[in-house]
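Novice: Sharing a structure with you now.
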Amino acid sequence: MKTIEVCLTPDLIHQHDLKGKIVVVVDVFRATSCIVTGLANEVEAIKPVGEVDEVKALGKEGYLMAGERGGIKIPEFDMGNSPFEYQADQVKGKKIAISTTNGSQAIIKSEGADEIIIGAFLNLESVAEYVLQSKSNVLIHCAGWKGTPNLEDTLFAGALIDECAEEMKTVGDSALVAHQVYIANHENLFGIAKQSSHAERLSGFGIEEDLEFCMTESEYQVVPRLVAGELIV
Ligand code: MLT
């Protein structure tokens, strides 16, 4: 039986062997929700990078510059980190370079995996189908917040485990925790996610619509994959 495990924060990723695995990176609020939204809305490719200066250098090569620090758009960038910006006509057919506080860092730290794909509630069902049809074991890499686990990514990990439970065996207590938290709250996911620390942080910027949208299940049928440093579908 294939296995499914969870890393609750990038600071613990060194404890997992990535070789031979599909890593599903998730940052529900909001980086991976933005990536899924963009690629479902005809963005050509999204390049995750660690540093703001790397985005600026890519901007000179024609990429749209996107990202935030602490949830706030970087002033000279074209876009921040709201999924609604990734639906706009101006992004269709374009390449975007993105750097965020946690999400893009988690993608970069997944290097070494056989395959890196992007998950969010917005593409939950498609990610589940993708990992179920693959032969590889699965690691869900939660972006968390600055090295600490967070509720919304843990809920996503539990939801994906739930979708795969009949065909995959969970490994480790982080996977058990995620699954149990999901089972206990699956009828009120937005209600519980609203209590998370990052929801509170973001609600200070008046972007409750972002939070509600990011908790929408299976709105899109895309599975972004990292190929030669760029996310594409
Ligand atoms: C991150 O990468 O830390 C988040 O996406 C932050 C945010 O909500 O903008």
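The values are calculated or read from the model by the stated rules, or taken from the named source; none is laboratory data. Just so we're clear, the structure is a prediction, and the values are computed from it rather than from any experiment. Here Cβ is always computed from backbone atoms with ideal geometry, including for glycine, and neighbour counts include all displayed protein chains.
Novice: What are the residue pairs meeting all of these: first residue in the range 189-204, first residue in contact (Cβ under 8 Å) with a residue 12 or more places away in the chain, second residue away from the ligand (no atom under 12 Å from the Cβ) and polar (S, T, N, Q), Cβ atoms under 6 Å, and 6 or more apart or on different chains?
Specialist: Note: pairs meeting the criteria are Ile192/Asn185.
Novice: Does any residue of the range 211-233 turn out to be on the phi > 0 side of the Ramachandran plot, among the aliphatic types (A, V, I, L, M) and surrounded by fewer than 19 Cβ atoms within 10 Å (Cβ to Cβ)?
Specialist: yes
Novice: Taking only pairs six or more apart or across chains, which ones have beta-carbon atoms under 9 Å, a first residue in the range 120-141 that is on the phi < 0 side of the Ramachandran plot and crowded, with 24+ Cβ neighbours inside 10 Å, and a second residue that is basic (Lys, Arg) and in a helix (DSSP H, G or I)?
Specialist: Note: pairs meeting the criteria are His141/Lys109.
Novice: Let me ask something else. Would you call Glu212 modelled with pLDDT of 95 or more and within 20 Å of Ala128 (Cβ to Cβ)?
Specialist: No, not satisfied.
Novice: Of all residues in the range 40-64 being in a strand (DSSP E or B) and over 24 Å from Ala199 (Cα atoms), which is nearest to the ligand (Cβ to nearest atom)?
Specialist: Ile46
Novice: Here is a follow-up. Scanning the range 70-109 for residues that are within 12 Å of the chain's Cα centre (by Cα) and small (Gly, Ala, Ser), which turns out nearest to Asn188 (Cα to Cα)?
Specialist: The extreme case among them is Gly103.
So that you can scan it fast, the table gives a plain yes or no per residue for (1) farther than 21 Å from Thr9 by Cβ; (2) among the aliphatic types (A, V, I, L, M); (3) within 11 Å of the ligand (Cβ to nearest atom):
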| site | (1), (2), (3) |
| --- | --- |
| Glu125 | yes, no, no |
| Ile140 | no, yes, no |
| Ala143 | no, yes, yes |
| Gly147 | no, no, no |
| Asp153 | no, no, yes |
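Novice: So which of Ala88, Ala57, Ala97 is surrounded by 21 or more Cβ atoms within 10 Å (Cβ to Cβ) and free of Cβ contacts under 8 Å to residues at least 60 places away in the same chain?
Specialist: Ala97 is the lone residue from the list that is surrounded by 21 or more Cβ atoms within 10 Å (Cβ to Cβ) and free of Cβ contacts under 8 Å to residues at least 60 places away in the same chain.
Novice: If a residue has to be touching a residue at least 60 places away in the same chain (Cβ under 8 Å) and within 24 Å of Thr216 (Cβ to Cβ) to count, how many in the range 100-119 make the cut?
Specialist: 10
Novice: Going by what's in this entry, would Leu189 be described as outside any helix (DSSP H, G or I), among the aliphatic types (A, V, I, L, M) and more than 17 Å from Glu68 (Cβ to Cβ)?
Specialist: no
Novice: Output the qualifying pairs, or none if there are none: Cβ atoms under 8 angstrom, residues six or more apart or on different chains, first residue in the range 28-39 and touching a residue at least 24 places away in the same chain (Cβ under 8 Å) and part of a helix (DSSP H, G or I), second residue aromatic (Phe, Trp, Tyr) and buried (at least 24 other Cβ atoms within 10 Å of the Cβ).
Specialist: Ser33/Phe121; Cys34/Tyr86; Ile35/Tyr86; Thr37/Tyr86; Gly38/Tyr86
Novice: Would you pick out the residues in the range 40-52 that are within 20 Å of Lys146 (Cβ to Cβ) and either without any contact (Cβ under 8 Å) to a residue 40 or more places away in the chain or surrounded by 20 or more Cβ atoms within 10 Å (Cβ to Cβ) (or both)?
Specialist: Answer for the range 40-52, where residues must be within 20 Å of Lys146 (Cβ to Cβ) and either without any contact (Cβ under 8 Å) to a residue 40 or more places away in the chain or surrounded by 20 or more Cβ atoms within 10 Å (Cβ to Cβ) (or both): Pro48, Val49.
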